[in-house]
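S.K.: Sharing a structure below in structure tokens format, with a few things to ask.
The values are calculated or read from the model by the stated rules, or taken from the named source; none is laboratory data. Note that the structure is a prediction, hence the values are computed from the model and not measured. So basically every Cβ, Gly included, is an ideal-geometry build from the backbone, and we count neighbours across all protein chains shown.
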Amino acid sequence: MVSFILKKVIARFLFPLPLGLEIITLGWLLNSKSRFKKTGKALIILGVAFLGLISCTPFIDQFMYPFEHQYLPVREHKSDISYIVVLGGGHVSEEVLPPNSQLYTSTLARVVESVRLKKLFPQAKIIYSGGKIELADNKSNAEIMAATAVMLGIPPSDIVLEERAKDTVEEVLSLKSLLKDKKFILVTSASHMPRAVFLFKKQGLKPIPSPSSYLTKKRKNYPIWDYFPSYEGVQKSERLFYEILGIMWEKINGYI
């Protein structure tokens, strides 16, 4: 758990918004020293320009769209599918809310995609994966996803829970023996799918990707206000940086 938390904290310093602020802060500190004024000013300009670009939706879409659209959702019927595997994405438990409102938006999209796929492949069982991430939360992500799926009409007997894993690597390793030599569909967010597919294939498994929660769609034109800095642009940049960092980290550790 300690290494998991440490990995997450370190990654936050390399996310685009903190990174831009770090560059500006370094520039401000150097600018206060007479010997490094030019370097400091250059870093401040670089930091501001960087923040402007990563928060501009049309700019970041040029990179995010091809990254997310490497795979498209399954739409054809294949009768020999054994499992629909749904990777965890996070939630916050709150008893006064129904399960669907406790899930993160992207995680809810994964559950909805699994329900759609279940209608295409009624013989398949759905595996909801994801452990207890929040220290103070006594419910696993898999449990909340499964409760949402039951609300949407999936029979509990068709659901399998994997509640131990805290990240994608652990999910792959914990499911490896169950999925070996089985045909299964893999469901996760579109931005996360390339990394997830790499990880499953590294273990000798053959996932059939069916992404959900696309942050980018094909657009010919953007309204003028989309060129202004926005939360939407920062959100997309964060997801792209997170996945690139994840791929790099897992390559270094031999998981990919």
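S.K.: Would you confirm whether any residue within segment 209-225 is within 19 Å of the chain's Cα centre (by Cα), surrounded by 17 or more Cβ atoms within 10 Å (Cβ to Cβ) and farther than 19 Å from Glu113 by Cα?
M.R.: Checked segment 209-225: no residue is within 19 Å of the chain's Cα centre (by Cα), surrounded by 17 or more Cβ atoms within 10 Å (Cβ to Cβ) and farther than 19 Å from Glu113 by Cα.
S.K.: Next question, about the same structure. Looking at segment 133-163 only, could you name the residues that are out of contact with any strand residue (DSSP E or B) (no Cβ under 9 Å at 6 or more places or on another chain) and farther than 24 Å from Lys119 by Cα?
M.R.: Leu135, Ala136, Asn138
S.K.: Taking segment 91-126 only, how many residues are under 24 Å from Leu215 (Cα atoms) and either in contact with a helix residue (DSSP H, G or I) (Cβ under 8 Å, 6 or more places away or on another chain) or among the hydroxyl-bearing types (Ser, Thr, Tyr) (or both)?
M.R.: 17
S.K.: Could you tell me whether any residue of segment 116-133 is under 22 Å from Glu238 (Cα atoms) and modelled with pLDDT under 95?
M.R.: yes
S.K.: What are the residues in segment 108-141 that are surrounded by fewer than 17 Cβ atoms within 10 Å (Cβ to Cβ), over 22 Å from Lys183 (Cβ atoms) and of a type in the set (Lys, Arg), if any?
M.R.: The answer is none; no residue qualifies.
S.K.: From the residues in segment 44-54 that are in contact with a Ser or Thr (Cβ under 9 Å, 6 or more places away or on another chain) and not β-branched (Val, Ile, Thr), which one is surrounded by the fewest Cβ atoms within 10 Å (Cβ to Cβ)?
M.R.: Top of the filtered list is Leu53.
S.K.: Before we move on, is Thr57 β-branched (Val, Ile, Thr) and surrounded by fewer than 18 Cβ atoms within 10 Å (Cβ to Cβ)?
M.R.: When the stated conditions are applied, Thr57 does not pass them.
S.K.: Another question, if that's okay. What number of residues within segment 142-173 are out of contact with any helix residue (DSSP H, G or I) (no Cβ under 7 Å at 6 or more places or on another chain), over 20 Å from Leu205 (Cα atoms) and crowded, with 18+ Cβ neighbours inside 10 Å?
M.R.: The qualifying residues number 3.
S.K.: Follow-up question, since we're still on this one. Using beta carbons and a limit of 6 Å, which pairs, at least six apart or on different chains, have the first residue in segment 178-204 and farther than 24 Å from Asp61 by Cα and the second one among the small types (Gly, Ala, Ser) and buried (at least 24 other Cβ atoms within 10 Å of the Cβ)?
M.R.: Hits for this filter: Ile185/Ser210.
S.K.: Further, regarding this structure: Got at least one residue in segment 35-46 being of a type in the set (Phe, Trp, Tyr) and either assigned by TED's automatic domain parsing to the domain that holds Leu19 or under 23 Å from Lys8 (Cα atoms) (or both)?
M.R.: yes
S.K.: Is there a residue in segment 2-20 that is over 30 Å from Gly130 (Cβ atoms), free of Cβ contacts under 8 Å to residues at least 12 places away in the same chain and in a helix (DSSP H, G or I)?
M.R.: For segment 2-20, residues over 30 Å from Gly130 (Cβ atoms), free of Cβ contacts under 8 Å to residues at least 12 places away in the same chain and in a helix (DSSP H, G or I): absent.
S.K.: Considering every residue within segment 228-240, establish whether at least one is surrounded by 21 or more Cβ atoms within 10 Å (Cβ to Cβ) and either in a loop (DSSP other than H, G, I, E, B) or in contact with a Lys or Arg (Cβ under 6 Å, 6 or more places away or on another chain) (or both).
M.R.: The answer is no; no qualifying residue exists.
S.K.: Give me the residue from segment 241-256 that is touching a Lys or Arg at 6+ places or on another chain (Cβ under 8 Å) and charged (D, E, K, R) and, out of that set, farthest from Met193 (Cα to Cα).
M.R.: Among those residues, the one meeting the criterion is Glu250.
S.K.: Since Lys119 meets every condition but one in (1) touching a residue at least 12 places away in the same chain (Cβ under 8 Å); (2) more than 21 Å from Val92 (Cβ to Cβ), which condition does it not meet?
M.R.: Tallying (1) touching a residue at least 12 places away in the same chain (Cβ under 8 Å); (2) more than 21 Å from Val92 (Cβ to Cβ), Lys119 fails exactly one: (1).
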